[in-house]
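Step one of this worksheet: look at the structure below.
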Amino acid sequence: MSRIFITGSTDGLGFMAAELLLSQGHEVVLHARSPRRADNVRQRLPGAAAIVTGDLSRIAEMKSAAEQVNRLGTFDAVIHNVGIGYREPKRIETEDGLPHVFAVNVMAPYVLTALIERPRRLVYLSSGMHHGVTANLGDTRWKQRRWNGSEAYAESKLYDVLLAFAIARRWPDVMSNALEPGWVPTRMGGPSAPDDLDQAHRTQVWLAASDDPGAMVSGEYFYHLQRRAPNPATRDHSTQDRLIDLCESFSGIRLPD
């Protein structure tokens with residue numbers, strides 16, 4: 001049995017991953033954005049060991065969520081599932097001065113990775129859309145460009161792969177991987193998404209808990225239980241390091257060695 005924490009697990013792929021892990025006999029801790037959402041998911045998944053709360057668009061609440069997790073003890077795996085899509089018609093700025101999509105999709109995984117006691121495995125959710133963009137690390141705040149929600153989302157998913165690979169390189173004792181679940185009909189993906197919803201959550205569960213040799217790797221990118229080539233830019237060490245430096249400067253939180 002493994003102990004696994006999943007961010008953004010009150011609905012969608014995070015909820016589905018939690019259901020599957022619980023059915024496999026693992027201990028699962030959920031995350032909800034608010035107490036109301038925590039109450040709702042507690043009724044739907046009564047087998048969950050605990051529920052951490054916090055709005056992961058705010059750095060202060062990212063820190064609080066990490067503190068709540070650490071009070072529960074060490075975990076075997078953390079699945080960084082939390083994310084928002086690309087339907088924001090205009091740039092929404094958080095209280096920390098970051099675009100909302102960057103705060104939730106990139107800063108939250110970074111801050112939680114830096115502050116949660118190091119697990120054996122880390123799993124980061126990306127998207128196939130990351131293949132079509134470049135790392136615009138000089139304008140992650142979208143102050144120099146006209147806002148494009150789709151591109152901002154795709155860039156955030158590129159940064160998630162960069163983060164996963166940076167951690168794999170810096171922390172050789174941790175298996176850190178990224179994946180794309182496919183374009184599936186969740187609330188984020190929309191009802192017309194063509195991919196197989198039943199397959200979408202299985203790769204993160206496999207990477208978090210399986211002893212299959214295929215899952216016991218680090219610094220790789222997956223789609224439906226198979227390795228897939230990521231955007232080549234994600235393999236560049238200097239780009240990985242630059243992202244880490246930016247996240248540290250935005251959050252004031254240093255990634256431990």
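The values are calculated or read from the model by the stated rules, or taken from the named source; none is laboratory data. All figures in this text were calculated on a predicted structure; none of them were measured in a lab. Because the Cβ atoms are built from the backbone with ideal geometry, glycine has one as well, and the counts that use them run over all protein chains shown.
What about R3, is it in contact with a Ser or Thr (Cβ under 9 Å, 6 or more places away or on another chain) and more than 18 Å from L72 (Cα to Cα)? No. Does E27 qualify as being under 25 Å from L179 (Cβ atoms) and either without any contact (Cβ under 8 Å) to a residue 40 or more places away in the chain or surrounded by fewer than 18 Cβ atoms within 10 Å (Cβ to Cβ) (or both)? It is true that E27 is under 25 Å from L179 (Cβ atoms) and either without any contact (Cβ under 8 Å) to a residue 40 or more places away in the chain or surrounded by fewer than 18 Cβ atoms within 10 Å (Cβ to Cβ) (or both). Y124: in contact with a strand residue (DSSP E or B) (Cβ under 7 Å, 6 or more places away or on another chain), aromatic (F, W, Y), under 24 Å from F222 (Cα atoms) and modelled with pLDDT of 95 or more, yes or no? For Y124, the condition - in contact with a strand residue (DSSP E or B) (Cβ under 7 Å, 6 or more places away or on another chain), aromatic (F, W, Y), under 24 Å from F222 (Cα atoms) and modelled with pLDDT of 95 or more - is met. Within region 82-135, being small (G, A, S), within 16 Å of the chain's Cα centre (by Cα) and part of a helix (DSSP H, G or I) holds for A103, A108, A114, G128. Once region 136-163 is narrowed to residues that are more than 21 Å from M175 (Cα to Cα) and hydrophobic (A, V, I, L, M, F, W, C), the residue that is nearest to the chain's Cα centre (by Cα) is A154. Just one of the listed residues (Y86, Y110) is at pLDDT 95 or above and under 27 Å from G219 (Cβ atoms), namely Y110.
Got at least one residue in region 167-182 being of a type outside the set (A, V, I, L, M, F, W, C), out of contact with any Ser or Thr (no Cβ under 6 Å at 6 or more places or on another chain) and modelled with pLDDT under 95? Full working, then the answer.
Taking region 167-182 first, the residues of a type outside the set (A, V, I, L, M, F, W, C) are 169-170, 172-173, 176-177, 180-182.
Now drop any that are not out of contact with any Ser or Thr (no Cβ under 6 Å at 6 or more places or on another chain), which leaves 169-170, 172-173, 177, 181-182.
Checking the rest, the ones that are also modelled with pLDDT under 95 come to 181-182.
Yes, that holds for at least one residue.
Just checking, does region 150-165 include any residue being part of a loop (DSSP other than H, G, I, E, B), surrounded by fewer than 19 Cβ atoms within 10 Å (Cβ to Cβ) and among the charged types (D, E, K, R)? The answer is no; no qualifying residue exists. N70 fulfils the conditions (1) over 20 Å from L255 (Cβ atoms); (2) out of contact with any Leu (no Cβ under 6 Å at 6 or more places or on another chain); (3) not β-branched (V, I, T) except for a single criterion, (1). In the set (1) within 17 Å of Q240 (Cβ to Cβ); (2) touching a strand residue (DSSP E or B) at 6+ places or on another chain (Cβ under 7 Å), G83 fails one condition alone, (1). Screening region 203-219 for residues that are in a helix (DSSP H, G or I) and either at pLDDT below 95 or in contact with a strand residue (DSSP E or B) (Cβ under 6 Å, 6 or more places away or on another chain) (or both) and picking the one that is surrounded by the fewest Cβ atoms within 10 Å (Cβ to Cβ) gives T203. In region 45-68, the residues that are at positive phi and part of a loop (DSSP other than H, G, I, E, B) form Cβ pairs under 7 Å with partners that are surrounded by 20 or more Cβ atoms within 10 Å (Cβ to Cβ) and among the small types (G, A, S), at six or more places apart or across chains, as follows: G54/A65.
Given the condition assigned to a helix (DSSP H, G or I), farther than 26 Å from V174 by Cα and in contact (Cβ under 8 Å) with a residue 24 or more places away in the chain, answer yes or no: does some residue in region 12-19 qualify? If you could, list the steps in order and put the result at the bottom.
Restricting attention to region 12-19, the residues satisfying the condition of being assigned to a helix (DSSP H, G or I) are 12-19.
This time we only want the ones that are farther than 26 Å from V174 by Cα, so: 12.
In the following step, the residues that additionally are in contact (Cβ under 8 Å) with a residue 24 or more places away in the chain were identified as 12.
Within region 12-19, one or more residues are assigned to a helix (DSSP H, G or I), farther than 26 Å from V174 by Cα and in contact (Cβ under 8 Å) with a residue 24 or more places away in the chain.
Pairs meeting the criteria (first residue in region 220-240 and free of Cβ contacts under 8 Å to residues at least 60 places away in the same chain and surrounded by fewer than 18 Cβ atoms within 10 Å (Cβ to Cβ), second residue in a helix (DSSP H, G or I) and not hydroxyl-bearing (S, T, Y), beta carbons under 6 Å, at least 6 apart or on different chains) are H224/Q199; L225/W206. Number of residues in region 199-214 that are closer than 12 Å to S2 by Cα and in contact with a His (Cβ under 8 Å, 6 or more places away or on another chain) equals 1.
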